[in-house]
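Chemist: Quick one: the structure is below, questions incoming.
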Amino acid sequence: MGALHGTGEALLPGALRGTGVTIREAGPDDAVAGVPPRWVALPENTGEVATLMRVSAEHDLAVTPVGGGTRLHWGPPPERCDLLIDTCCLNQVLEHAAGDLVVRVQAGLTMDSLAETLAAEGQELSLDVPLDGATVGGVLATAIAGPRRFRHGTARDLLIGVTVVLADGTTAKSGGKVVKNVAGYDLGKLFTGSYGTLGVITEAAFRLHPIPDDRRWIIAELPTPGTPGAGAAQGARGDGRPDAPERPGSPPGLDVLAAELAASQAEPSAIEVDWPDARGGPVVAVLVEGRAADARARAVRDLMAGHGTARITTGPPGWWGTLPGEDVLLEVRVPPSRAGGALRAVMARGLPAHVRGSLATAALQVTLPPDVGGSAFAEFVSRVRDDLGRLGGGLTVLTAPQELVGRVDRWGPVGALPLLRRVKERFDPGRRMSPGRSVGGI
């Protein structure tokens, strides 16, 4: 276990128990992407996390923070993992200033519990988290966001303040209600999507929204690719190329539809696509919320009528706000104007891919069958990355069996990697915070 040996190991877990924090031996369910820790700590406040981090620094323990554990299998395994800091006991709403539409919470609070508390005051945190049991800290660490990212932004956009504990036990804050800053750094932006590689998030403050008094979903089933009038966005050209132009006189494609919806005076909150099978057509679902939702929904339905059969409902489709699967899960991101091209790039590769996500922001999740062969998987990732690169985007492997993910680079090209490495060196020079869990082995 890394530096734990000889007399140093004899001091543990006594040194950890001396912190006064509840410590237990780790079990099989505590493994982080297959790597088992030695111990699990259950702190109840920021001060206890800081104490744990100071002891860990003294004994060179590698630390991984965990919230609900819903995404411990995402990302690469850590190079080593001695101590798991479980934030389940950091589960309090510390302050809810309803008049200011601001809430401050501990990082281990589940999103479901937070939603219930806010709903009592007619408010919400406008994130649609796709996994049950997710915590505030876990949502920030993995930067996951749901359908309404188009209108309200992602977790980093709604975050106005954060408290973190660094690898040496230093407590730092930035944003709203600041006590101590790390000069020159926006901690909220740095820690969002960091996978626990920079420190432990212990508290967060968010900007809230009133719960809309009305909602409507407009759902359109688009034609199957290759059928008459299917349009370029479903492969009207027929060659599978992601940059295929629209055929003159053909119905507008997905890129055009997304642009029309995004610019619509109906002001949709979300524009989502679900495409489970290349042999069928995609389904596009649009959400409108708030004032005059019914009239605005009719305007959206009329706009979508030229693309496929559209209907208005008072509830979301069953797939709304969920992942298409998790055994083999990839994430595709391109500029919003290239969403249709990204969909074609994925669906033209001959594997039974299922794509779901935001058509408006072009943040899409892709799942493949768990029994896809290693060679087929590697070729799929390589070819789709080439296509997406021409569109200005990329592909990340969020999770997959080791026999598959071992054949590819999880992240692909990352232009900001030198900067990210400098940030890691600044915040965790000893490489003890979830080492290897983020891009480039950070």
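Chemist: Could you let me know the centre-to-centre spacing of region 68-94 and region 124-166, using Cα atoms, in angstrom?
Modeler: 16
Chemist: Compute the signed sum of charges (Lys and Arg +1, Asp and Glu -1) over the other residues within less than 14 Å, Cβ to Cβ, of residue 190.
Modeler: Values: positive: 156, 173, 189, 421, 422, 424, 426; negative: 186, 425, 428.
Counting the neighbours of residue 190, the net charge comes to +4.
Chemist: Put +1 on the Cβ of each Lys and Arg and -1 on the Cβ of each Asp and Glu in region 329-405; which of 353, 401, 332 then has its Cα farthest toward the positive end of the dipole?
Modeler: Of the candidates, 332 comes out farthest on the positive side.
Chemist: Farthest toward the dipole's positive end in region 51-144, which of 101, 141, 123, given Cβ charges of +1 (Lys, Arg) and -1 (Asp, Glu) about the Cα centre?
Modeler: Checked the options; the winner is 141.
Chemist: Further question: What number do you get for the chain when its Cα radius of gyration is normalised by 2.2 N^0.38 Å, N = residues? Intermediate results must be reported in sequence, preceding the final value.
Modeler: Working: Rg = 23.0 Å, N = 442, 2.2 N^0.38 = 22.3 Å.
Cα Rg divided by the expected 2.2 N^0.38 Å: 1.03.
Chemist: Between 429, 268, 77, find the one with the highest GNM mean-square fluctuation for the chain; connect C-alpha pairs within less than 10 Å.
Modeler: It is 429.
Chemist: Give me the distance between the Cα centres of region 15-67 and region 360-423, rounded to whole Å.
Modeler: 31
Chemist: Now, a different point. I'd like the antiparallel share, as a percent to the nearest 5, of DSSP beta bridges with both residues in the chain. Can you show the working numbers first?
Modeler: Details: 64 of 72 bridges.
Expressed as a percentage, antiparallel bridges in the chain total about 90.
Chemist: Let me ask something else. For the chain, modelled as a GNM with alpha-carbon contacts under 10 angstrom, which of 118, 222, 417 fluctuates the most?
Modeler: Most flexible of the set in this elastic network: 417.
Chemist: How long are the three semi-axes of the equivalent ellipsoid for region 329-405, computed from the Cα gyration tensor as the root of 5 times each eigenvalue, in whole Å, largest first?
Modeler: Values: eigenvalues 82, 29, 22 Å².
Working through the eigenvalues yields semi-axes of 20, 12, 11 Å.
Chemist: For every helix of n ≥ 4 consecutive DSSP H residues, a contribution of -39,500 (n - 2.57) applies; sum these over the chain, divide by its total residues, and give [θ] at 222 nm rounded to the nearest 500 deg cm²/dmol.
Modeler: So the calculated ellipticity at 222 nm is -7000 deg cm²/dmol.
Chemist: Could you give the nm distance between label points at residue 54 and residue 24, where each point is 7 Å from its Cα heading toward the beta carbon?
Modeler: Calculated label separation equals 2.7 nm.
Chemist: Taking the Cα atoms only, what angle lies between the long axis of helix 293-304 and the longest principal axis of the chain, rounded to 10 degrees?
Modeler: 60
Chemist: For residue 319 and residue 221 in the same chain, what is the full-extension length gain: residue separation times 0.36 nm, less their Cα-Cα distance, in nm? Could the numbers behind the result be given before it?
Modeler: Values: separation 98, 0.36 × 98 = 35.28 nm, distance 1.38 nm.
Result for the pair: 33.9 nm of gain on full extension.
Chemist: Given a 10 angstrom Cα cut-off, can you work out which residue in 145, 416, 339 is the most mobile in a GNM of the chain?
Modeler: Judging by the Gaussian network model, the answer is 416.
Chemist: Right, something else. Between helix 374-390 and the chain, what is the angle of the helix's C-alpha long axis to the longest principal axis, kept within 0 to 90° and rounded to the nearest 10?
Modeler: So the inclination is approximately 70 degrees.
Chemist: Over the chain, calculate the relative contact order: mean separation of alpha carbon pairs under 8 Å at least 6 apart, over the residue count, as a percent. Please list the in-between numbers first.
Modeler: Working: 993 pairs, mean separation 67.4, N = 442.
Averaging sequence separation for qualifying contacts and normalising by length gives 15 percent for the chain.
Chemist: Quick check for me: using +1 on Lys/Arg Cβ and -1 on Asp/Glu Cβ, what's the dipole size of the chain about its Cα centre, in debye to the nearest 20?
Modeler: On the way: 44 positive and 49 negative charges, 225 e Å.
Computed charge dipole of the chain: roughly 1080 debye.
Chemist: Here is a follow-up. Provide the packing ranking of 340-349, 278-287, i.e. peptides ordered by the mean count of other C-beta atoms within 10 Å per residue, highest first.
Modeler: Values: 340-349: 26.1, 278-287: 21.5.
For the peptides 340-349, 278-287, the packing ranking is 340-349, 278-287.
No lab work stands behind these numbers, since they all come straight from the coordinates. Computed from a prediction, not measured in an experiment: that's the story for all the values here. Glycine also receives a Cβ, built like all others from the backbone with ideal geometry; neighbour counts cover every protein chain displayed.
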